[in-house]
Amino acid sequence: MSFKTITLAPDRLNRSELAVPGSQAKLFEKAAKSAADVIFLDLEDAVAPDDKPQARKNVIQAIGDIDWGRKVLSVRINGLDTHFMYRDVVDVLENASDRLDLIMIPKVGAAADVYALDMLCTQIETAKGRKKKVGFEIIIETALGMQNVSEIAAASPRNESLHFGVADYAASTRARTTSIGGANPNYAVLTDSNDQGSRDTHWGDMWHYATSRLVVASRANGLRAVDGPFGNFSDADGYISAARRAAVLGCEGKWAIHPSQIALANDVFSPSEKDVTQARRIVEAMKQAASEGKGAVSLDGRLIDYASIRQAEAMLEKARLIAAL
Ligand code: GLV
Ligand code: MG
């Protein structure tokens, strides 16, 4: 390990993160009863400009009035390039109850954006005597944000997670695609002809680099990495496949832009019974090895060592959090 220690963000489950428009108060109760780990009440892109004042009121009232159970509760504010942002932060932090856990900041482009928000939140919390400091969820969804992702991730002790906002990212980078988070037939490799003269097309994941870069910046700063939206909510298989790719790269959850996606995300981002059993066996085998003065042993014909223990323990910790729900 490096001599530099990484402070880990609070250990929260973030398998599914449900987006709920702040202007649609009738959806709040249902969201609170859903199986989502995290809910963000949106004041940004799902709310039309004229509806923003009412959406703020809805959100502030709902944070205090609704029983959100053990869910992590967040509000997505507007971007720093709009005049809606300061009013979102001031109204929400001055008036919402301490049930609020996080503020989600969209379209962050530079560490200074986070710094500015930290300053504003700190002033309001101090002035109002708020007991709980809000944490930050940060959406990386512009070319500038991706370029500065490492500095952004390190910009505030309030930071808890980075989210890949694939829709705005596609717009910002002018990616030639119109689907939100789906695969693209043009991002493919055509194989050479085989002996029979036929060629195969292998679709690739056009979001691989961006997701991977975001995961590295997140983890290097102790933050959760979360994959963003998948727009075609009628395509459960497509969602599952995108979620699995993100999980393999190190994301620990994915947005649900429709309630039907919550169960899919919870399933993909929960360790299976088989994984948990295997993790327990690895920990046991390594304990046994340590008692015999060995650093590595074989289990089922495969090498395991101290790195395997760290992987296994991370999985068992996740299973413990899920069991405690
Ligand atoms: C989310 O905000 C996105 O733009 O994908
Ligand atoms: Mg966006």
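The values are calculated or read from the model by the stated rules, or taken from the named source; none is laboratory data. Please read all numbers here as calculations on a predicted model, not as lab measurements. Quick reminder, even Gly has a Cβ in these numbers, built from the backbone with ideal geometry, and neighbours come from all protein chains shown. Note: accessible area is taken over every heavy atom of the protein model, side chains too, but ligands, DNA and RNA are not part of it. Shrake-Rupley method; radii C 1.70, N 1.55, O 1.52, S 1.80 Å.
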TODO: Would you tally the residues in region 2-28 being more than 22 Å from L264 (Cβ to Cβ), of a type outside the set (F, W, Y) and either assigned to a strand (DSSP E or B) or not assigned by TED's automatic domain parsing to the domain that holds G69 (or both)?
DONE: 9
- [ ] Select from region 139-159 the residues that are within 16 Å of ligand 2 (Cβ to nearest atom) and in a strand (DSSP E or B) and write down the one among them that is surrounded by the most Cβ atoms within 10 Å (Cβ to Cβ).
- [x] I140
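Report yes if Q278 is modelled with pLDDT under 90, open to solvent by 50 Å² or more (accessible area, probe 1.4 Å) and outside the structural domain of H208 (by TED's automatic domain parsing), otherwise no. So that I can check it myself, show each step before the final result.
On the way: modelled with pLDDT under 90: no; open to solvent by 50 Å² or more (accessible area, probe 1.4 Å): yes; outside the structural domain of H208 (by TED's automatic domain parsing): yes.
Answer is no for this residue.
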Open item on the list: Any residue at all in region 111-128 that's touching a residue at least 12 places away in the same chain (Cβ under 8 Å) and within 16 Å of ligand 1 (Cβ to nearest atom)?
Closed with: yes
Task: L73 in contact with a Cys (Cβ under 7 Å, 6 or more places away or on another chain) and assigned by TED's automatic domain parsing to the domain that holds Q147 - done: no
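Would you pick out the residues in region 165-176 that are over 17 Å from the mean Cα position of the chain (by Cα) and either touching a residue at least 24 places away in the same chain (Cβ under 8 Å) or not in a loop (DSSP other than H, G, I, E, B) (or both)?
Step one: list which residues in region 165-176 are over 17 Å from the mean Cα position of the chain (by Cα), which gives 170-176.
Passing the criteria: A170, A171, S172, T173, A175.
If I filter region 197-210 for residues that are part of a helix (DSSP H, G or I) and either of a type outside the set (A, V, I, L, M, F, W, C) or away from ligand 2 (no atom under 16 Å from the Cβ) (or both), do I get at least one hit?
For region 197-210, residues part of a helix (DSSP H, G or I) and either of a type outside the set (A, V, I, L, M, F, W, C) or away from ligand 2 (no atom under 16 Å from the Cβ) (or both): present.
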Task: Hits in region 86-110 - residues which are more than 15 Å from ligand 1 (Cβ to nearest atom), open to solvent by 10 Å² or more (accessible area, probe 1.4 Å) and either part of a helix (DSSP H, G or I) or touching a Ser or Thr at 6+ places or on another chain (Cβ under 8 Å) (or both) - done: Y86, R87, V90, D91, E94, N95, D101
TODO: Starting from region 177-193, take each residue that is assigned to a loop (DSSP other than H, G, I, E, B) and list its partners that are away from ligand 1 (no atom under 16 Å from the Cβ), counting only C-beta distances under 6 angstrom and pairs at least six apart or across chains.
DONE: A183/W203; Y187/G204; T191/R199; T191/D200; S193/R199
- [ ] Being open to solvent by less than 10 Å² (accessible area, probe 1.4 Å), more than 26 Å from V268 (Cβ to Cβ) and assigned by TED's automatic domain parsing to the domain that holds L162 narrows it down to one of A31, A55, A48, so name that one.
- [x] A55
Task: Contacts under 8 angstrom Cβ, first residue in region 270-287 being touching a residue at least 60 places away in the same chain (Cβ under 8 Å), partner part of a helix (DSSP H, G or I) and crowded, with 17+ Cβ neighbours inside 10 Å, 6 or more apart - done: S270/K318; S270/A319
Open item on the list: Quick check on A242: is it closer than 26 Å to A46 by Cα and not aromatic (F, W, Y)?
Closed with: yes
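For L162, are the conditions met, namely being open to solvent by 70 Å² or more (accessible area, probe 1.4 Å), within 16 Å of ligand 2 (Cβ to nearest atom) and not in a loop (DSSP other than H, G, I, E, B)?
Details: open to solvent by 70 Å² or more (accessible area, probe 1.4 Å): no; within 16 Å of ligand 2 (Cβ to nearest atom): yes; not in a loop (DSSP other than H, G, I, E, B): yes.
Against the criterion (open to solvent by 70 Å² or more (accessible area, probe 1.4 Å), within 16 Å of ligand 2 (Cβ to nearest atom) and not in a loop (DSSP other than H, G, I, E, B)), L162 does not qualify.
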